[in-house]
Amino acid sequence: MDICTANYALSVEVRKFIEHVGDAKEESITDYLVWKWRELDKRFNYLRVTPFNHDEESSTTGADFDLELWLVGNSFQISLAVQAKKFIKRSDSYVARLRYPKGSKAQMDKLLSYAKSRGSSPFYFIYTLPEATTISMCGGRYGLVSKAEDGAVFMADAHVMEDYANGKHGKRISRDQLLSVANPFHCMFCCPLAGSEAYFNNYFPVASGLPPRRKVEVPSYVRRLLDSAKGSNPKDVALEPTERDGLQAFRIVGVYDMRNDS
């Protein structure tokens, strides 16, 4: 499958999963996302930093964030620090939920601080079940990408989410207000700007407001994931002890090879 078709198909599969496993939490949805992504698209590869037992709460893993995602193209590379949130209902105390835990906003503050320290772009993945009336920043309304409502994963700049958490848009906000400043996940691969820094600079200028990573050596674990993804039966990629220590904030590290599509 081409890069757009593959990632649109992934979005549809994640939607089916959420619809059929209604009580699935963010950790389980993320686990399904990366597993299905690898199954559908061999350009993607991933490893687990912290083992996750589905019978345990995520707090027992010691990880703060769900995913470090690297997109590696010929002329650009970007690292995303991702925190996932499951927002299904149209209204559900979303200001309070963004200020997790207990109204402190500590989780969001840590994501922003950690991403800044690593030179990563901080993002929220919003897992939801949008409707035909849902309008995102890039929702396929002009035939450029597939329809937003067919998917279930949206990407939002954590800095923009912070404005909502801080009450700059009111104390009561809806799910669709949040999605209006987000993009469907598959737009990252289907948009005419995809495959370059232009996509992030256009839609997420604050999150991507970092010096371009051009001709900069990627970390060795990213390189190993890229090399392993080339095979039809890629072997498991193990982290060195020092690498694992440096990645303890994440449960999963994923790498997407866009070098033939950028």
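The values are calculated or read from the model by the stated rules, or taken from the named source; none is laboratory data. Only a predicted model underlies this, so the values are computations on that prediction, with no experimental measurement involved. Don't worry about glycine lacking a Cβ; one is built from the backbone with ideal geometry, like all the others, and counts go over all protein chains shown.
Whenever a residue of the range 170-191 is small (Gly, Ala, Ser), its partners that are surrounded by 20 or more Cβ atoms within 10 Å (Cβ to Cβ), lying with C-beta atoms within less than 7 angstrom and at least six residues away or across chains, give the pairs Ser180/Ser136; Ala182/Ile126; Ala182/Ser136; Ala182/Phe154; Ala182/Met155; Ala182/Ala156. Exactly one residue out of Met108, Met137 is modelled with pLDDT of 95 or more, more than 24 Å from Val21 (Cβ to Cβ) and not acidic (Asp, Glu), and it is Met108. Being of a type in the set (D, E, K, R), part of a loop (DSSP other than H, G, I, E, B) and free of Cβ contacts under 8 Å to residues at least 12 places away in the same chain is the filter here, so list the residues in the range 3-40 that pass it. Residue satisfying the conditions is Asp23 alone. Among the residues of the range 137-151, are any in a loop (DSSP other than H, G, I, E, B) and among the acidic types (Asp, Glu)? No - not one qualifying residue is present in the range 137-151. From the list Ala207, Ala238, the lone residue that is at pLDDT 85 or above and among the small types (Gly, Ala, Ser) is Ala238. Among the residues making up the range 193-202, those that are surrounded by fewer than 22 Cβ atoms within 10 Å (Cβ to Cβ) and closer than 21 Å to Val255 by Cα are Leu193, Gly195, Ser196, Glu197, Ala198, Asn201.
The residue that is surrounded by the most Cβ atoms within 10 Å (Cβ to Cβ), counting only those in the range 238-259 that are among the charged types (D, E, K, R) and free of Cβ contacts under 8 Å to residues at least 40 places away in the same chain, is Glu243.
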